[in-house]
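We did not get these values from a lab; they are worked out from the coordinates using the rules stated. Keep in mind the model is a prediction, meaning the values are calculated, not measured. Positions of Cβ are backbone-derived with ideal geometry, glycine not excepted, and every protein chain shown enters the neighbour counts.
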């Protein structure tokens, strides 16, 4: 008997023209790990919330949800609370107690658990999940990763039969996300806990899952074993292939399985050959999806697609060795730059001159030439020796931090939870006053803030919502911009840019996490800021929106807008940022252009870099790895002809 099942589940939110779920049927067996993926707004959160009555959204529903063969409505709320665990996207939304110990006890006490049994379960869970060192701390003092670990421990203390997780790593830094995913995998593999997880960041979860369910526009687009699902998405030309883990994307790109959108956007590919035949990868042309090289390897000779970085590294080493390419040299080879159009900032490589294709693959100047161009501009924002603490007796969050952001640049802030990224953005916006040091914004001499022309999109987009529909939110912002005599952005253009056409009459709080991000971003853009501060803007969004969002940020920087973005999304930063800054304990510990930044890092780097660094130097994006493989294949073919 299936542990959980959905039978022809269809659901529509009040006032929605199109159902959020349409005829979804699935079964989940005991001990199974099911990963639910799909674009933002595809119905992942809606589906997961239907698996627990207390969280089910309000609206029109047909079909059934069964738990151990019984309709979910016939299972008491008490039994559901005990047997169906749920971990939400925002780590702090689920915490109700002010101390860690109290949070661990709350659920068991609510279920009427015997005190002696409760103490034993709390002790066991706290030890298993590593809460021992901070068991007596206040929950307000925990990092995002600690909060989510606490949520997981508190849920599992009740010994549920199934664990449902809704994008649990969306607000965690990469290292905390990896640790959290490892805990979930242990629960499934060692304890036999049934896991159903909806996730956008699938690098860690994809290989661990027994099955992957792909949702698209509220329907099941694919369901099966991870490698089979990946192969089907490639075979059908689905745009969802760009959401697959980097090793899968790189493998299919190298083996000649075209990734949708590559041919239209990729342009030419080329490579610069360094000492000893070393390939300095170049990637596709402007704002490209991934290309393919189609090296002629027969399909029957192809190995199964790698799902993890480890599998991908082994496959790439073998593939390169078979073509006579050895390990990468110790000294990285500089990439050949390509100029940008002065009008748009995007480059269209000439078909007659493929060798001049950009080395970073996104139409930007690379290496030293790009850095000189950026740092030669006037500063749009300057922080000098900034110190900040939230209360007089507390610890310093920023400790003598200095940062200058030129006009027309995109600066990415990286670092673990608690490194000071959000605090830096608040200080830069003038919403928090530094203990000492200065914040300078041109046109605001001596002003303490908030600074006109500086807009902050907070990590929690719900903080910006006060109206009953998305349309009303945008109208309110447009009216405020007009009253302030600001040349506000064209509302229709912003709606199209943020893909809000079908969401205007929806309540903002009924939207998915990614849709809320898009709505909040649209509201901020209507104010036409000159400095745009973004706190985790790609959190909860799908890869298709990330691409549009990256193009939007590039368009804004071409107009002179300075963008400062705090992010845990290293692939996005490697692809779109001009500059990456690593914060640690309130200071800048590293500052460089993306290719050198991620190429030099071992932990804060991309999956493509970890997979390829043994054979290529400074390839940090999928496109760069695929292009480097293209050069290896071309050199091998040339050698055979000679």
- Task: Quote the relative contact order of region 367-600 in percent (integer), defining contacts as alpha-carbon pairs under 8 Å separated by 6+ residues.
- Result: 29
- log₁₀ of I(q)/I(0) at q = 0.13, 0.18, 0.27 Å⁻¹ - region 402-455, Debye sum with one point per alpha carbon: -0.34, -0.65, -1.31
- Message: Need the C-alpha centroid separation for region 95-119 versus region 405-468, integer Å.
- Response: 38
- Average Cα contact separation per residue, region 125-177, under 8 Å, 6 or more apart, as relative contact order %: 43
- Query: Semi-axes of the equivalent ellipsoid of region 367-600: what are they in whole Å, largest first, if each equals the square root of 5 times a C-alpha gyration tensor eigenvalue?
  - Reply: 28, 20, 18
- Alpha-carbon Rg with Dmax, taken over region 4-224, Å: 17.1, 52
- Item | Value of relative contact order over region 1-100, rounded to a whole percent, pairs C-alpha under 8 Å and six or more apart | 31
- Message: I'd like to compare 64-70, 52-58: which one has the highest average count of other Cβ atoms within 10 Å, and what's the full order after that?
- Response: 64-70, 52-58
- Message: Only counting other Cβ atoms within 10 Å, I'd like 424, 150, 183, 48 sorted with the fewest neighbours first.
- Response: 183, 48, 150, 424
- Item | Per residue convex hull volume, Cα atoms of region 494-626, in Å³ | 129
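Roughly speaking, what % of Cα-Cα pairs in region 553-622 are separated by over 13 Å, rounded to a whole number?
65
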- Query: Measuring from centroid to centroid over Cα atoms, what is the spacing of region 588-603 and region 210-251 in Å?
  - Reply: 31
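Quote the Stokes-Einstein diffusion coefficient, in whole µm² s⁻¹, for region 430-566, based on the Kirkwood radius over alpha carbon pairs, a temperature of 20 °C and a viscosity of 1.002 mPa s.
My calculation gives 138 µm²/s for D.
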- Protection proxy ranking, peptides 237-249, 109-121, 187-199, 581-593, average beta carbon neighbours within 10 Å, highest first: 237-249, 187-199, 581-593, 109-121
